[in-house]
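Worksheet: the structure to be examined is printed underneath.
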Amino acid sequence: MPHRIPRATTRLASLGLTTLALALPGMPVDAQVQHAAGVDKSDKNVVLSADTVTKDDVNNTVSANGHVELVQGASMLLAEHVIWNQSTDIVIATGDVKLVDDVGNIYFGDYLEITDDMRQAFMRNVSGLLADNSRLVGQQADKDGDVMTINRGVYSSCELCKNDPTQPPTWQIKAVKVIHDSDNKRLYYHDATFELDGLPIAWTPYFSTYDPSVKRADGLLYSEIGYRSQLGIFSLSAYYFDIAPDMDLQLDGGYYSEQGPLLGGIFRERFDTGQIQLSGSLAESNIRQYPQNSPNPDDKTIRGHIFAEGEFDLSDNWRAGFNFARTEDDIYVLKYQYSSLQVLPSTAYVEGFFDRDYIIASVYSFQDLRANINSDQPHALPYVSYSFLGDPGDTLGGRWADSGSILDLQRLPGIIPGESVERFTNNASWSRKLIGDSGLVTVLNASAETDYYWTQNAQPDPITDQTTAKPSVGRVFPQAYAVLSYPLERPVGYANMIVEPIVSFVVAPAYANNKAIPNEDSNDIQIEESNIFSGNRFPGVDRIEGGSRVTYGVRTGLYNLGTGYTNFFLGESYRISGDTLYPTDSGLVTRFSDIVGELEIAPGKLIDIDYRFQLANDLKSDHLQEINFKVGPDDYGFTGTYLFGGAIKTYLFGGAIKEPNFLAPETNEISLGTFYKFNAHWSISGTETAELTQPRTVLRYGISGGYADDCSSFTLLISHDQTRISGGTSGTAVLLTFSLKDLGIFKTPSVH
């Protein structure tokens, strides 16, 4: 007679000997405990648990009912009713059947036949939830080892509609047969139809993809067919090779009807202490930046490019790296869209990190791709810079610092000999911040700049257009300055108002020896809020602001206005002494500098305005003004940038200001954008940039729209650009991108 074991006893006995006797012979006593802790997937032992278990000794079967769990290794079977025939090793499960394989895929059905080792199975009315939440549905499924075959199957990575799960997903693939090979991690489709929102779009007799658990594998990355100006109709494909966990390769191949074939690729490898990436291409082409200079401009030759970069940890304190970029023709990488840079940099470096100290030694080289630029780019052979920083409060209550560089700047011999400079610079400084009992904040700084220059083939200074640099010259320049600020706070209703007057005093010799020193890194200087209180407002070290000056300004604002704030800054500088050579549009030519300011208005999430301005000190002209704004909530609104202003150009020689001789071209450019998000999936945006001076000209404009959900995205971009880049032409571009989760990205190229 069959005997029945109540549920409580079964659950307890599954950890002991009673239920283990119902399982396969030779099962260890602690089998279920091992599974709970995580056992090897190859575990052949089986643990059975249910509300009630009946053993039929005559038919050699075990029947389990109610919350049945059958566990073997990392696999699990759940059902309401299970009959286990120990003679045939067949398990039949019915009622809310769930089969979980060893990689986390879950298959649901109403009827299942499976061997006791869970290697072979048959399931009826099956639906599968894969490890990444993608879904498989079919009439029936056959499992043979790691291969699951589903007849009349449907596959999709999309979430079903929560309000109506019967609606078709965004996309799905229907196939007469879907085969999921968990071992090889591939999905195979036979007689397959691709549907978009329930509508058939495409059919194929066979295709396959990697299953969603695969993060990278050999395969076709993308294919493009399109048209580009000067290149013609083309076809371009990229294939990916997963060489090793730390190494991969991408090969590109294509053909352009107006030019010829192209072959390229990218190789990447990671090491325990670094990484490298190498890329390049070769193409048959007759595109030249200056075709008029070629005796046979229509002749095609082999052109190409090489990009390489790498970085390596030498020790806990030292790191080395390199970056190399070269192209055989100045516009090759631009036309074939390998780079948008106008100057290609190459460098190799070694750098060290020591607590607060840093040092780097590097070499630099540049390839200039700009049209009508004949000057040779310099080569830094080498460039060494260092920075040492003391502990806070360690020296006279403040902190000492020392920084500098060694530079050998060479220009290769050409038709006109280029300027070569060897330079040593060092800046030793001390700074301290004091906060008084009254709230006065004082920042003290003292420094001594020591420089020495050796110059060959000195060229005219870019500011004065005069050649005054000496073959060898030194400079010792001490400077001291103090910045004092007194922030005042007062509650105003539900906000805090802060008013902070700021003043700085700079004391230094009036003679900085700038005229005798070549100018390589200080060609441009622009006074603004971020640098107006600095000791030296030039961006490099070749130029120093000599003499004494006082700078004054005020910063005020309202804060805690709900989620918003308002800031305002206004400042000006007065030069007491000194004859520093300033560029004419720097705002520093006269003793009273231009007035600079910034106004930020952000009362809430709907409005954000940033207004920056540089006004002449007599307030009769605006030199440069810029407004950036965003209006609207997250779902819709407007953005923009407006640049406007002009400057009276003057020449400055030896500190004397000549009369204005011409009016600078007025800047009057506006960029506007708008966006609207219809719902959680659809959105549209547009942009336009125009020059408002006469004649008014639209420089560029574009419109884009798209759709995005959990498993797909679609974007259409149409733009027109009337500006011209190096070797390029203006035109219209159309870009269509369609992405399907787990299937890939499909896109059209830009069409000009």
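The values are calculated or read from the model by the stated rules, or taken from the named source; none is laboratory data. Treat the numbers as computed from the prediction; the structure is a model and nothing was measured. Quick reminder, even Gly has a Cβ in these numbers, built from the backbone with ideal geometry, and neighbours come from all protein chains shown.
Taking the listed residues 455, 442, 450, the one that is of a type in the set (Val, Ile, Thr) and at pLDDT below 95 is 455, with no other qualifying.
For residue 449, the stated conditions do not hold, so it cannot be described as closer than 21 Å to residue 554 by Cα, under 42 Å from the mean Cα position of the chain (by Cα) and of a type in the set (D, E, K, R).
Region 246-365 holds strands (runs of 3 or more DSSP E) entirely within its bounds, and those carrying 1 or more residues that are over 30 Å from residue 216 (Cα atoms) and of a type in the set (Gly, Ala, Ser) map to 274-285, 343-354. Taking the criterion of being under 15 Å from residue 550 (Cβ atoms) and among the small types (Gly, Ala, Ser), the residues of region 565-613 that qualify are 571, 573, 577, 578, 593.
The residues in region 127-138 that are closer than 17 Å to residue 104 by Cβ, of a type in the set (A, V, I, L, M) and part of a strand (DSSP E or B) can be counted, and the count is 2. Does any residue of region 221-233 turn out to be surrounded by fewer than 14 Cβ atoms within 10 Å (Cβ to Cβ) and within 30 Å of residue 177 (Cβ to Cβ)? Yes, region 221-233 has at least one match. The residues listed here are 202, 141, 192; of these, the one that is exposed (fewer than 13 other Cβ atoms within 10 Å of the Cβ), small (Gly, Ala, Ser), assigned to a strand (DSSP E or B) and in the same structural domain as residue 102 (by TED's automatic domain parsing) is 202.
Does any residue in region 560-585 that is closer than 19 Å to residue 485 by Cα come within less than 9 Å, Cβ to Cβ, of a residue that is among the charged types (D, E, K, R) and buried (at least 20 other Cβ atoms within 10 Å of the Cβ) six or more places away or on a different chain, and which pairs are these? Matching pairs, first to second residue: 572/594; 573/537; 573/549; 573/594; 574/549.
So that you can scan it fast, the table gives a plain yes or no per residue for (1) among the hydrophobic types (A, V, I, L, M, F, W, C); (2) crowded, with 17+ Cβ neighbours inside 10 Å; (3) in contact with a strand residue (DSSP E or B) (Cβ under 7 Å, 6 or more places away or on another chain); (4) farther than 30 Å from residue 432 by Cα:
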site: 324; (1), (2), (3), (4): yes, no, yes, yes
site: 330; (1), (2), (3), (4): no, yes, no, yes
site: 340; (1), (2), (3), (4): no, no, no, yes
site: 378; (1), (2), (3), (4): no, yes, yes, yes
site: 386; (1), (2), (3), (4): no, no, yes, no
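When the test is whether a residue is free of Cβ contacts under 8 Å to residues at least 60 places away in the same chain and crowded, with 16+ Cβ neighbours inside 10 Å, residue 549 passes it. In region 415-426 there is at least one residue matching the filter, namely being over 28 Å from residue 310 (Cα atoms) and free of Cβ contacts under 8 Å to residues at least 12 places away in the same chain. Can you tell me which of 42, 14 is more than 27 Å from residue 138 (Cα to Cα), buried (at least 18 other Cβ atoms within 10 Å of the Cβ) and either modelled with pLDDT under 75 or in the same structural domain as residue 135 (by TED's automatic domain parsing) (or both)? Residue meeting the stated conditions: 14. Taken together, 132, 116, 102 contain a single residue that is of a type outside the set (Gly, Ala, Ser), crowded, with 18+ Cβ neighbours inside 10 Å and at pLDDT below 85, which is 116.
Right, residue 516: more than 26 Å from residue 463 (Cα to Cα) and in the same structural domain as residue 446 (by TED's automatic domain parsing) or not? The answer is no for residue 516.
Within region 608-639, which residues are free of Cβ contacts under 8 Å to residues at least 40 places away in the same chain, within 16 Å of residue 676 (Cα to Cα) and in contact with a Lys or Arg (Cβ under 8 Å, 6 or more places away or on another chain)? Correct list: 633, 637, 638, 639. None of 411, 356, 399 is basic (Lys, Arg), exposed (fewer than 15 other Cβ atoms within 10 Å of the Cβ) and either within 23 Å of residue 535 (Cα to Cα) or at pLDDT below 95 (or both) except 356.
The numbered conditions (1) crowded, with 22+ Cβ neighbours inside 10 Å; (2) without any contact (Cβ under 8 Å) to a residue 60 or more places away in the chain are all true for residue 156 except (2). Give me the residue from region 460-491 that is of a type in the set (S, T, N, Q) and in a loop (DSSP other than H, G, I, E, B) and, out of that set, surrounded by the most Cβ atoms within 10 Å (Cβ to Cβ). The residue in question is 464. Take the conditions buried (at least 17 other Cβ atoms within 10 Å of the Cβ) and more than 29 Å from the chain's Cα centre (by Cα) and apply them to residue 187. Does it pass? Yes; evaluated as a whole, the condition is true for this residue.
Residues in region 595-626 that are closer than 16 Å to residue 570 by Cβ, of a type in the set (A, V, I, L, M) and not in a strand (DSSP E or B): 616, 619.
So in region 237-280, with the set limited to residues that are in contact (Cβ under 8 Å) with a residue 40 or more places away in the chain and over 25 Å from the mean Cα position of the chain (by Cα), which one is surrounded by the fewest Cβ atoms within 10 Å (Cβ to Cβ)? Among those that are in contact (Cβ under 8 Å) with a residue 40 or more places away in the chain and over 25 Å from the mean Cα position of the chain (by Cα), it is 260. Can you confirm whether residue 522 is of a type in the set (S, T, N, Q), surrounded by 16 or more Cβ atoms within 10 Å (Cβ to Cβ), farther than 25 Å from residue 602 by Cβ and in contact with a Ser or Thr (Cβ under 6 Å, 6 or more places away or on another chain)? Taking the combined requirement at face value, the residue does not satisfy it. Criterion applied to 404, 418 was being surrounded by 17 or more Cβ atoms within 10 Å (Cβ to Cβ), part of a loop (DSSP other than H, G, I, E, B), outside the structural domain of residue 526 (by TED's automatic domain parsing) and not hydroxyl-bearing (Ser, Thr, Tyr), and the one residue passing it is 418.
Each residue in region 465-480 was checked for being of a type outside the set (Gly, Ala, Ser) and closer than 17 Å to residue 511 by Cα, and 8 of them qualify.
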